[in-house]
Amino acid sequence: MFPRMRSDLFGTLLIFSLLLAFWLLISASIHWQHVLVGVIFCLILTAFWTNLTIADDAKTGFNLKQLFMLIKYFFFLGVDIIIANIGVAIIVLNPKMPISPGIIIMRCDLERSLLRALYANSITLTPGTITVELEDNLLIVHALTEDVAHGLEDWALYRRLMEVEGLYKNG
Amino acid sequence: MTIVQQAIPYIALFFIFGGFFFLLVGVVGLLRLPDVYTRMHAMGKCDTLGTGMMLIGLMLLFANITNITKLLLIAAMIATINPVITHLIAKTAYNRGTPMVEGSFLINDYVASRRHRRRQPLVTVREKGGDNG
């Protein structure tokens, strides 16, 4: 556990500070006893879970611009979720139920595992589409109406994720 | 007591009733829509926003940093778990060949838009980058 911590000191510090911030938020007090107990337990946790949180070969990267882009992405994802829910409500509460469901098979060029998972989850949460399968670069999506399926090809959030990935590859 | 403090319960009430409405829409969709995949549309989306709005309303009512942290964690968990389970159900249904409702379309854009293949096979990508996400 210690060689890993020494090889990636920044990642260890990052996890430790995240845990300590969570402890301070939960305990909601800065009495020195609280802080001492928190520091001790955060150190123990960080030391014991290095095999899960810190990779052997790769160092923990931290890119402020990437973080900013991800926050922007989550904001637009929230807007899309609200639009999606209103769309589903309109379709479901309409007495005639104007649906024309179907499957669309397309490709997805994302390669980083986190971004692939984010993309699949975003498709599920946004207007009229759910991810059925994402294997290699084959993406199968079920769409609730046919218009949605045609609009999925050039989607703003996908372009945002590709930007994040491009930054990751270059930097 | 300022006007903002007086308005907070009403804003919280708005959020809670909004969440209630979306959860109701989810249940109605679950009953009305024709097959597995379309039903997953209703459940996967409306549950996320409905529960999220309810939690925001509760946050406004509590106004306590400890409870707000816990409610935020619950909201984050629901927002990640819900699409994953939706995806799993849809994937299992698709791979088992569960029939879709009649008149479903199928668009295959994969071959049409193929430009280049992945340079390395997925196995090596998984081994190399499995845990850097």
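Only one of the listed residues (B:Lys45, B:Lys91, B:Lys70) is within 30 Å of B:Gln5 (Cβ to Cβ), at the interface with another protein chain (Cβ under 9 Å from one of its Cβ atoms) and not hydrophobic (A, V, I, L, M, F, W, C). That residue is B:Lys70. Determine whether region A:72-88 contains at least one residue that is among the aromatic types (Phe, Trp, Tyr), surrounded by 18 or more Cβ atoms within 10 Å (Cβ to Cβ), closer than 30 Å to B:Asn108 by Cβ and under 20 Å from the mean Cα position of the chain (by Cα). Within region A:72-88, one or more residues are among the aromatic types (Phe, Trp, Tyr), surrounded by 18 or more Cβ atoms within 10 Å (Cβ to Cβ), closer than 30 Å to B:Asn108 by Cβ and under 20 Å from the mean Cα position of the chain (by Cα).
The set of residues in region B:29-42 that are within 10 Å of chain A (Cβ to nearest Cβ), surrounded by 15 or more Cβ atoms within 10 Å (Cβ to Cβ) and part of a helix (DSSP H, G or I) comprises B:Gly29, B:Leu30, B:Arg32, B:Val36, B:Tyr37, B:Thr38, B:Met40, B:His41, B:Ala42. Put simply, of A:Leu13, A:Leu19, A:Leu36 the only residue that is modelled with pLDDT of 80 or more, assigned to a helix (DSSP H, G or I), surrounded by 14 or more Cβ atoms within 10 Å (Cβ to Cβ) and out of contact with any strand residue (DSSP E or B) (no Cβ under 7 Å at 6 or more places or on another chain) is A:Leu19.
Restricting attention to region B:1-16, the residues that are free of Cβ contacts under 8 Å to residues at least 40 places away in the same chain and aromatic (Phe, Trp, Tyr) total 1. When region A:67-92 is filtered for residues that are of a type in the set (A, V, I, L, M) and touching a Gly at 6+ places or on another chain (Cβ under 9 Å), the ones remaining, listed by number, are A:Ile81, A:Ala84, A:Val88, A:Ala89, A:Ile91, A:Val92. Just one of the numbered conditions (1) in a helix (DSSP H, G or I); (2) over 18 Å from the mean Cα position of the chain (by Cα); (3) over 21 Å from B:Arg32 (Cα atoms) is not true of A:Val164: (2).
The values are calculated or read from the model by the stated rules, or taken from the named source; none is laboratory data. All values reported here derive from a predicted model rather than from experimental measurement. Cβ: placed from backbone, ideal geometry, glycine included. Neighbour counts: every protein chain shown.
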